[in-house]
Amino acid sequence: MPLTKTNTGNPIRGRVVPNNRTDSQNVMNMVTFADLGRGAGTLHVSGTARLDMQGHTSSGDNLQVQIGNGTVAAVLVADSVQSTKDPINRTVVANAVISILNQSMDSGTIWTLTGSLP
């Protein structure tokens, strides 16, 4: 099953619109496949922005780009996505997460990444 990016339409609570998007985009670009499935906590920092793993939910891993106490972007990554084994496809997954975080920042809504790759 291919990967599917879905805008849930649910607004990000406590949303922050960054004055300068550079820090947020830099921290998004630090995402790697190895970041998925980690425990809750900060994964990467760039300037004022950080990428936090909020933890695992019934929908999958909850990743958020945050500035201070506010959220810039949010994505839920399904467990099926994290079962990807092929190294090239793991890069595809990381790129999909980066893409979705950018779309979430632009839309102000929570997105999901579902599906699976070999």
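The values are calculated or read from the model by the stated rules, or taken from the named source; none is laboratory data. Fair warning: this is a prediction, and the values are worked out from it, not measured in the lab. Cβ atoms come from the backbone with ideal geometry, glycine included; neighbour counts cover every protein chain shown.
Do we find that R90 is in contact with a helix residue (DSSP H, G or I) (Cβ under 6 Å, 6 or more places away or on another chain) and not hydrophobic (A, V, I, L, M, F, W, C) in this structure? Reasoning before the result, please.
Numbers: in contact with a helix residue (DSSP H, G or I) (Cβ under 6 Å, 6 or more places away or on another chain): yes; not hydrophobic (A, V, I, L, M, F, W, C): yes.
So R90 passes the test.
Pick from D61, D79: which is within 20 Å of L117 (Cα to Cα), in contact with a helix residue (DSSP H, G or I) (Cβ under 8 Å, 6 or more places away or on another chain) and modelled with pLDDT under 95? Reasoning before the result, please.
Values: D79 fails: in contact with a helix residue (DSSP H, G or I) (Cβ under 8 Å, 6 or more places away or on another chain).
So the residue among D61, D79 that is within 20 Å of L117 (Cα to Cα), in contact with a helix residue (DSSP H, G or I) (Cβ under 8 Å, 6 or more places away or on another chain) and modelled with pLDDT under 95 is D61.
Look at segment 91-118 and say how many of its residues are of a type in the set (S, T, Y) and either under 10 Å from the mean Cα position of the chain (by Cα) or part of a strand (DSSP E or B) (or both).
Step one: list which residues in segment 91-118 are of a type in the set (S, T, Y), which gives 91, 99, 104, 107, 109, 112, 114, 116.
Pick out the ones that are also either under 10 Å from the mean Cα position of the chain (by Cα) or part of a strand (DSSP E or B) (or both) and you get 99, 104, 109, 112, 114.
Final tally of qualifying residues: 5.
Among the numbered conditions (1) surrounded by fewer than 16 Cβ atoms within 10 Å (Cβ to Cβ); (2) in contact with a helix residue (DSSP H, G or I) (Cβ under 9 Å, 6 or more places away or on another chain); (3) of a type outside the set (G, A, S); (4) modelled with pLDDT under 95, tell me where H56 comes up short.
(1) is the only condition that H56 fails.
Any residue at all in segment 58-68 that's aliphatic (A, V, I, L, M) and within 15 Å of T4 (Cβ to Cβ)?
The initial filter retains those residues of segment 58-68 that are aliphatic (A, V, I, L, M), namely 63, 65, 67.
If we keep only those that are within 15 Å of T4 (Cβ to Cβ) as well, we get none.
No: segment 58-68 contains no residue that is aliphatic (A, V, I, L, M) and within 15 Å of T4 (Cβ to Cβ).
So which of G60, G68, G39 ends up being on the phi > 0 side of the Ramachandran plot, touching a residue at least 12 places away in the same chain (Cβ under 8 Å), in contact with a strand residue (DSSP E or B) (Cβ under 9 Å, 6 or more places away or on another chain) and not aliphatic (A, V, I, L, M)? Explain how you work it out, then say what you get.
Values: G68 fails: in contact with a strand residue (DSSP E or B) (Cβ under 9 Å, 6 or more places away or on another chain); G39 fails: on the phi > 0 side of the Ramachandran plot.
The conditions single out G60.
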